[in-house]
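Engineer: Handing you a structure now.
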Amino acid sequence: YLKISKLALAFAIIHSKPPGKSSKEYVQYLAKTVSEQDFGWKWKVEVLEAEVLRLRQELLLNRISPRFCLENRKQDTSAETLLGQESINPTNYSSQLEDSGCDVYNDSAFDSLGTASDFHQSEHNVSTSKHWLERVPPLILCHTSKEQSLTAPVQFLQRLLEIRKLSEGGILQADFSELENDSFTICNSVSQLLDGLTVFYNSPKFPAPSFLTEGVCVLISLITDTKLSNHVLKKCFKKMEEFKKNLIQIILRNRSVNRFQALHSVSQTLGLLGRNNILRNSLISLLLSEVHQFAEQLLQAHQVQSVYDITQYENIFLLCMILEQLLQNETQESNISSSDCGGEEKIRFLKNLDQIILHLSDEFPLFSLYLWRVSVLLNSGQMQ
C-alpha cells in the first residue's frame, strides 16, 4: 500500500508540474514550500510555549510573594529598554574578551579563579524595598532571538533572587515551599539559562554582551544562595552536570587562533561553579578524568613518536589550573569532609601517575609539573 501510494504521488507530481520545469525542480519547490510551512508552525509553537512558561513564572512568583508582584506591576519598564539594562552586575566584563589574540585579560568581573566577591558584595547592598523593586524588570515574552531567549530566564531568576533577599531582610513575606510544588517552572528556567550560556560560550562575541554577564551572575547567585540552591540543584542537578561537561569540552576543542581570553572566561565560570560544595566533587571528577585521559594519550604518542594534538595540549593547561585551584580550596576548607573528593577518578588518576610523569618530564616539563602538583594535593592529608 505504501509503495502504491508513493507511486501515485509521483505520477500526480509529474502530471501537475508546470511547463518549463523538470520533475526534479518541481519536487524541490514543493519540498521547500512544505518545509517553510513546518518552520512557521514550529516558530508559533515555540512562541506559545514561551508564553506558557512566562505565565507559569508569573504565577509561581505570585504564589511565593503576592506583595512583590503587586509592587512590581507598578513599574513602567518597557520591553525595549530591558535589553540595554545591566541590572545585577554592570561591571566592565567586555574588556575581558577584547579581540587581541593574546592571553591578556582584565579581572574586573572576576577577582581570581574560584572567587566571586563581586557577586557577594552586591548581595549586601539592600537598603529599602523600593531600591530593589525598581531594579527588577517585568517578565516579558522574549523568543525572537538568541539574546532575548537568554534574557527571559534571567529575568525570572533575578526576580526570584530579589524576593529571597527582601524576605531575608524582613521587608517581604515569602513562601519558598511553593518551589516544591512547581518543579517544571524552575527546572525549565534554569535549563534555558544553561543552554543559552552554552550557546554563547561556543560562539563568543567580542566584546561580551551585557546579558551574558547577567546570566553568569544570576547563575552563580542562584547556586550560592543557601535557601534557593537546595531547590535548584535538587531538581536541575543533571542539567548542571551536563553544563559543566559542555564547558570542559568547549575549552578542550576550541581551535580558534584568538581563543585564550574567551576560554579564560569559561574557566572562570567553571571555577565559580566549583565553589558550591555539591558541584565541586563532581567537577573535580570530570577534570581528573579529562586530564588523565589526555596524559595517557600524550604518553602513548610520545612512546611511538607520533604526532599529538598541540592545540589540545595548550588548552589542557586551563583544566589543570582549574583542577589545582579547586583542590586547594578543598584543602583550605577544613570544616568540609573531603574523603570522597574525586572518588574513583582520584584512584584512577593516581594509578601509574609516577611512571607517566617520569616518561613525560623531559619532553613536557610544564605539563608534568602540573600533574605532580595535582597528585600532591590529592595525596595530602586533608584529601584522604
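The values are calculated or read from the model by the stated rules, or taken from the named source; none is laboratory data. Since this is a predicted model, take the numbers as computed values, not measurements. Note: ideal-geometry Cβ built from the backbone for every residue, glycine included; neighbour counts use all protein chains shown. Side chains are part of the model used for accessible areas, which takes the heavy atoms of the whole protein and leaves out ligands, DNA and RNA. Shrake-Rupley method; radii C 1.70, N 1.55, O 1.52, S 1.80 Å.
Engineer: Tell me, what is the per residue accessible area of region 1-71 in Å², probe radius 1.4 Å?
Structural biologist: 79
Engineer: How much of the accessible area of region 151-275, probe 1.4 Å, is carbon plus sulfur, in whole percent?
Structural biologist: Numbers: 2070 of 4220 Å².
Whole-percent figure for carbon plus sulfur exposure: 49.
Engineer: A follow-up question, please. Once Lys and Arg get +1 and Asp and Glu get -1 on their Cβ, which of ASN258, LEU197, VAL216 lies farthest toward the positive end of the dipole of region 151-275?
Structural biologist: Checking the options against the dipole of region 151-275, the answer is ASN258.
Engineer: Now for a different question. Return one whole number: the accessible area per residue of region 151-275 in Å², for a 1.4 Å probe.
Structural biologist: Working: 4220 Å² over 125 residues.
Roughly 34 Å² per residue, with all protein chains present.
Engineer: Next question, about the same structure. For the pair ALA31/LYS3, report the inter-label distance in nm, with labels modelled 7 Å from Cα in the Cβ direction.
Structural biologist: Output for this residue pair reads 2.3 nm.
Engineer: Here's a follow-up. How much net charge surrounds ARG56 when only the other residues with a Cβ under 13 Å from the Cβ of ARG56 are counted, with Lys and Arg +1 and Asp and Glu -1?
Structural biologist: Around ARG56, the surrounding residues sum to -3.
Engineer: Something else now. Could you tell me the center-to-center distance, by alpha carbons, between region 12-32 and region 347-382 in angstrom?
Structural biologist: Cα centroid to Cα centroid, the span is 66 Å.
Engineer: For the pairs LYS6/LYS44; LYS44/LYS245; LYS165/LYS235; LYS17/LYS42; LYS3/LYS42, flag any whose C-alpha to C-alpha distance is greater than 26 Å.
Structural biologist: LYS6/LYS44; LYS44/LYS245; LYS17/LYS42; LYS3/LYS42
Engineer: For LYS205, give me every one of the lysines with a C-alpha distance below 19 angstrom, ignoring sequence neighbours fewer than eight places off in its own chain.
Structural biologist: Cα-Cα hits under 19 Å: LYS146.
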